[in-house]
1. Looking at the stretch 496-590, what strands (runs of 3 or more DSSP E) fall wholly within it and have at least 1 residues that are open to solvent by less than 50 Å² (accessible area, probe 1.4 Å) and closer than 21 Å to G318 by Cβ?
2. Based on this model, can you work out whether A301 counts as touching a strand residue (DSSP E or B) at 6+ places or on another chain (Cβ under 6 Å) and not in a loop (DSSP other than H, G, I, E, B)?
3. Could you list all residues from the stretch 463-477 that are under 28 Å from the mean Cα position of the chain (by Cα) and open to solvent by 20 Å² or more (accessible area, probe 1.4 Å)?
4. Tell me, please, whether a residue that is assigned to a helix (DSSP H, G or I), modelled with pLDDT of 70 or more, touching an Asp or Glu at 6+ places or on another chain (Cβ under 9 Å) and not β-branched (V, I, T) can be found in the stretch 23-31.
5. Consider the stretch 459-479. How many of its residues are in contact with a strand residue (DSSP E or B) (Cβ under 8 Å, 6 or more places away or on another chain) and of a type outside the set (A, V, I, L, M, F, W, C)?
6. Go through the stretch 231-247 and report how many residues are surrounded by fewer than 18 Cβ atoms within 10 Å (Cβ to Cβ) and touching a helix residue (DSSP H, G or I) at 6+ places or on another chain (Cβ under 9 Å).
7. All but one of (1) touching a helix residue (DSSP H, G or I) at 6+ places or on another chain (Cβ under 8 Å); (2) buried (at least 19 other Cβ atoms within 10 Å of the Cβ) hold for A484; which doesn't?
Amino acid sequence: MSNEPHRASDAASAAAGASIGETAAALGATQARFCADWLQAIGAAPEFAALFHALVAALSRDPARVQALQQRYYAEQLALWRHFAAPAASGSELPEPESDARFRAREWRELPWFDFLHRSYVVAAGWQRDLIALAATDAATRRKLAFYAQQFADAASPSNFVATNPEALKLAFSSGGESLARGLANVLADAAKGRVSMSDESAFEVGRNVAVTPGAVVYRNELIELLQYRPLTAQVHRRALLIVPPCINKYYILDLRPENSFVRYALEQGLTVFMISWRDVPASCAQLTWDDYLERGVMCAAEAVRSISGEARLNALGFCVGGTLLAAALAVLRRKRKRPAASLTLLASLLDFADPGEIGAYVDEAYVSACEREFAAGGVFPGARLAAAFASLRANDLVWRYVVDNYLKGRLPPPFDLLYWNGDSANLAGRMYAYYLRHMYLENALRIPDALTMCGVPVDLRRIGLPAYVLATEADHIVPWRSAYTSARLLAADVTFVLGGSGHIAGIVNPPQAARRGFRTGEFGAGDSETWLRASWMRAGSWWPHWAKWVKAHAGPLVMAPEEPGNARYVAIEAAPGRYVRKRAPTTTV
């Protein structure tokens, strides 16, 4: 893959001297390979063949209904042909398809051939959904079938191919083929990176215009760096805040630019902030386990924070899988009669995995067993594979939208810090990943008191016993908010549950000055999520000030801000953001 950037440049030069038809053919062939690779990667899942056989077996038990559905599908397609072949003879107007951003341009409606392609695709996708709904199978199997069927339908959209996208064709002719030449160069450049570009990556650099909040690395081991940020107020609360971000991405989602940095906001509230920066795991750390992530990650960081702050307790915050790791670590410490935290904040985190959302379509016994075999002797799980899986959950927004804009239309995506971060994945220790899949997603054992032994002791989340602030977001496709609510009920303590707007990332990165979205609050009691929702009330703006007020109540009195980071035991090593976050993981093609 090392020659791919040169190939992209050569392709653009060659395309400039070729006809529009030749360039379109080259781009079309490259794009077709991309779609084929995408579908092959999905179809290669260990469970896919079994799901397909289950579908065939289920449908064979009711052939009459299947035949009726087939006849209806053929009739709808035939009606489309008749209408477009002889509109005057059809005698009726076709109903408008549901609104779909992929087909918003007027060419999809005003040019009969493309109008037909759009409508035929809608009919075919509907037939596919109806066929799966017809299958007499269990709910879990039907859910997985529906997920994979949607993946295939999204990939097969006529909007994804230059020959069947009127917007791309119009732009190609108006630009004299230049848009196609740029698109061909873009797709080859992305092949070299192993992912579809969602942002202008040249616009950002870690430590230059993202992850720029001043601070220092005050502790480092083979798995983490611990950052201590410079105070922004003359006085700070005595108890520090330790943030445990997800280990599958870089920490700076919480420290993007100054105007949307959660870290900076917390500092402005008079909090002393520490952040774990997880290492993009190299081969030398291929043997690390889940317990290592707890001990060498969360627990080592907590000990350093307590030492530097001079306080016996800290306020702990975990985001996504960072929240799962944090809760598990606190449960382990509590069993060992240690209580290093005064409060717990969980942002979009799962503790009860009964309904893990759409990602559950990927996780079954066959997949988990395959991971366990792959990493039995150690190894590194590529973060790019996990990033691609998460992107597939919203493929139209996170894959095909950029395929159309970048390749078919030859455009470069605009700079967007959040999407730049999204492409900066981190590799995981394979044994840790397999453990996480088996015991959390597949067996959902963390919710069961003493069912799991971690770091030599049984864990029980109920023993954590801390006041907790639990935030979920209503459109989260990775941590469904109702699952976050169920997770909060495992804590058996004083819980403040908040439901923010938007999704897994945008709902978290919601600075007050943006004055958008909103959040719901209400009494957290014995009722289920629906009971809580009905009794909750809406508040305007960001949840950040609401959380700040809550956490400061647990942060102790104000004292003079420290002049220097670290202490005699934990001496500042280098300036933030440190070296671990700067390393970008190697990527692989889709």
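1. In the stretch 496-590, 518-521 are the strands (runs of 3 or more DSSP E) which contain 1 or more residues that are open to solvent by less than 50 Å² (accessible area, probe 1.4 Å) and closer than 21 Å to G318 by Cβ.
2. On the way: touching a strand residue (DSSP E or B) at 6+ places or on another chain (Cβ under 6 Å): yes; not in a loop (DSSP other than H, G, I, E, B): yes.
It is true that A301 is touching a strand residue (DSSP E or B) at 6+ places or on another chain (Cβ under 6 Å) and not in a loop (DSSP other than H, G, I, E, B).
3. Answer for the stretch 463-477, where residues must be under 28 Å from the mean Cα position of the chain (by Cα) and open to solvent by 20 Å² or more (accessible area, probe 1.4 Å): P467, E474, A475, H477.
4. No: the stretch 23-31 contains no residue that is assigned to a helix (DSSP H, G or I), modelled with pLDDT of 70 or more, touching an Asp or Glu at 6+ places or on another chain (Cβ under 9 Å) and not β-branched (V, I, T).
5. Result for the stretch 459-479: 4.
6. Just the residues of the stretch 231-247 that are surrounded by fewer than 18 Cβ atoms within 10 Å (Cβ to Cβ), to begin with: 233-235, 238.
Next cut, touching a helix residue (DSSP H, G or I) at 6+ places or on another chain (Cβ under 9 Å) only: 233, 238.
Number of matching residues: 2.
7. It fails just one condition, (1).
Table: residues versus (1) surrounded by 18 or more Cβ atoms within 10 Å (Cβ to Cβ); (2) part of a helix (DSSP H, G or I); (3) modelled with pLDDT of 95 or more; (4) among the charged types (D, E, K, R).
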position: H83; (1), (2), (3), (4): yes, yes, no, no
position: A88; (1), (2), (3), (4): no, yes, no, no
position: L94; (1), (2), (3), (4): no, no, no, no
position: R142; (1), (2), (3), (4): yes, yes, no, yes
position: D154; (1), (2), (3), (4): yes, yes, no, yes
position: S159; (1), (2), (3), (4): yes, yes, yes, no
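The values are calculated or read from the model by the stated rules, or taken from the named source; none is laboratory data. Treat the numbers as computed from the prediction; the structure is a model and nothing was measured. Here Cβ is always computed from backbone atoms with ideal geometry, including for glycine, and neighbour counts include all displayed protein chains. Side chains included, ligands, DNA and RNA excluded: accessible areas come from the protein's heavy atoms. Shrake-Rupley method; radii C 1.70, N 1.55, O 1.52, S 1.80 Å.
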